[in-house]
Amino acid sequence: MKAYIIPHKGKIFEETRMAYFFKAFGEEVKQMRIIPFGKCNYSCPYCKRKGNFKQCNIIQGSLEVEENEIFQAVYDAVEKQQIVRLSGGDPCMYPELSFEILRYVKKLGGIGSVAHNGSDPEFVKYLVDNKLVHSISVDLKAENADKLSKITGISEEKSFFMWERTIQTLKVLKDSEDIKVDIRTCVFNNTDLEELLNIGRIIQENSNRNVFWTLRIYSVVDGFFKETKSTSNMKELARSLSSKLPNLKIGIRVKWENGAFFYYLNGQEI
């Protein structure tokens, strides 16, 4: 069997990222090996992996890769003590393969993690019930279904369904005290404080103490918004949100490099 994988700088399985949000839970920031599946059920026009350019849910530029190559990359990652991070696109498009990979990671004594758009609560429930991940990142892209439709490229009818499923996903994770949860929201130039407060309240309502909220600064993409917020504006937003949303850990990701992630709690940078 083969699966579609998104190459990074022309190569597959060589992309790594740092799990900066671990710091908010008092854990060591570790390197993650990214396994980016090349299918997605959204068409976000701001996607840095060109997720809005698809045919039959297959992202343009994705490569068909044999399963044994994927498992070899996973083995190599665990050997290097990297977290194995299933990403995309979205791993929910390959549920059985994702479960198989994460079971393999667990068998090797490694650490599994998933980045998911939040649309598949059954997928997440299986991960939780079978203790297949140490951490999971879930998108909460908007404050309501109408806004979700506008920024994801899906129909209004579908957006109401996806919105409800995202809330269900958060509730599944709320019932798990063992998994570190990173909820991610992309912040655009026209995103205001009230909109983010509404999202923050949804997070507080549907999560436990093991949750962290990452505000991701939008990176300019051709054909979408031509401007983005400055780092100083983002920090001001995060500080204000933090003061109005008690005990919610909030971070800003400006870029992936070290020193470009800032943490806030109860109105203070930490």
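The values are calculated or read from the model by the stated rules, or taken from the named source; none is laboratory data. Model, not experiment: these values are computed from the prediction. Note that we place each Cβ from the backbone using ideal geometry, even for glycine, and neighbour counts take in every protein chain shown. Areas reflect the complete protein model, heavy atoms only, side chains present, ligands, DNA and RNA absent. Shrake-Rupley method; radii C 1.70, N 1.55, O 1.52, S 1.80 Å.
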Lone qualifier among K48, K131, K54, K125 - being without any contact (Cβ under 8 Å) to a residue 40 or more places away in the chain and among the basic types (K, R): K54
Tally, over the range 218-239, of residues that are surrounded by fewer than 13 Cβ atoms within 10 Å (Cβ to Cβ) and assigned to a helix (DSSP H, G or I): 1
Any strands (runs of 3 or more DSSP E) falling wholly within the range 56-124 and containing at least 1 residues that are open to solvent by 10 Å² or more (accessible area, probe 1.4 Å): 63-66, 83-87
For E194: the one exception among (1) open to solvent by 40 Å² or more (accessible area, probe 1.4 Å); (2) within 23 Å of F22 (Cα to Cα): (2)
Matching residues, the range 7-41, being open to solvent by 10 Å² or more (accessible area, probe 1.4 Å), part of a loop (DSSP other than H, G, I, E, B), within 18 Å of A260 (Cα to Cα) and touching a strand residue (DSSP E or B) at 6+ places or on another chain (Cβ under 6 Å): V29, K30
Selection count, the range 43-66, where residues are over 19 Å from the mean Cα position of the chain (by Cα) and modelled with pLDDT under 85: 2
Residues of the range 199-217 satisfying the condition of being of a type outside the set (V, I, T) and over 18 Å from Y20 (Cβ atoms): G200, R201, Q204, E205, N206, S207, N208, R209
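Among the listed residues L148, L102, L140, which satisfies the condition of being free of Cβ contacts under 8 Å to residues at least 60 places away in the same chain and in contact with a strand residue (DSSP E or B) (Cβ under 7 Å, 6 or more places away or on another chain)?
Details: L148 fails: in contact with a strand residue (DSSP E or B) (Cβ under 7 Å, 6 or more places away or on another chain); L140 fails: free of Cβ contacts under 8 Å to residues at least 60 places away in the same chain.
It is L102.
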Inter-residue pairs, beta-carbon under 7 Å, first within 30 Å of Y126 (Cβ to Cβ) and aliphatic (A, V, I, L, M) and in the range 175-199, second open to solvent by less than 30 Å² (accessible area, probe 1.4 Å) and part of a loop (DSSP other than H, G, I, E, B), 6+ apart: I179/V133; I179/N210; V181/S207; V181/N210; I183/L140; I199/L140
